[in-house]
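These notes concern the structure reproduced below.
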Amino acid sequence: MAFEQVFEQKAVRTVIEVLHDGEKGFQSLGEQLKDSRAKSFFIEESATRRKFASELESALSSATGKKVAEGGTTSGSLLRAWGELKAKMGGSDHTLLETAEQGEDAAKKAYEEVLRMKDVPAPIQSMLRQQQTHILESHDKVRAMRDSTAA
């Protein structure tokens, strides 16, 4: 069964782009964080986002019959640049974790939007739901780290 609904395809592509943003953002912020546990979590989460994006690209390619290779978003690039600027200006882990939480908010929103759609093929929808569980847990972890570093 071909996945013909353009609007739903676009929403899945948006999730993929946000995952690529997350991959790059977690990697970048992980390199800047001082706390070793947070740093380790961010590096691991970067790899998880890369894996999730690859899984969705493969599933979308199978559903559409077309090769899918997405990059990140402009807003994701701006958020990473903002995080890097904060780090260079001596930003604390708290400040960097605030930036990470903003990125996690975008990921949550992208998953919520695509999962509200009715015409996403069941295998992709199932994959999205499984990934969303992890995304929500990650968001909560980032928020907890942020809160624990509040002055």
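The numbers here are math on the coordinates, done by the rules we state, and not lab data. All figures in this text were calculated on a predicted structure; none of them were measured in a lab. Cβ placement follows ideal geometry from the backbone for every residue including glycine, while neighbour counts extend to all protein chains displayed.
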Ordering of 44-53, 109-118 by burial proxy (mean other Cβ atoms within 10 Å per residue, highest first): 44-53, 109-118
³J(HN,Hα) computed for each position of region 9-19 - Karplus, 6.51 cos²θ - 1.76 cosθ + 1.60, integer Hz, glycine/proline x: 4, 4, 5, 5, 4, 5, 4, 4, 4, 5, 5
Ordering of 132-142, 24-34 by packing [mean C-beta count within 10 Å, highest first]: 24-34, 132-142
Estimated vicinal HN-Hα couplings, Hz - region 133-138 in sequence order (Karplus 6.51, -1.76, 1.60; Gly, Pro = x): 4, 5, 4, 5, 5, 5
Dipole magnitude of region 93-149 about its Cα centre (Cβ charges: Lys, Arg +1; Asp, Glu -1), debye to nearest 20: 280 debye
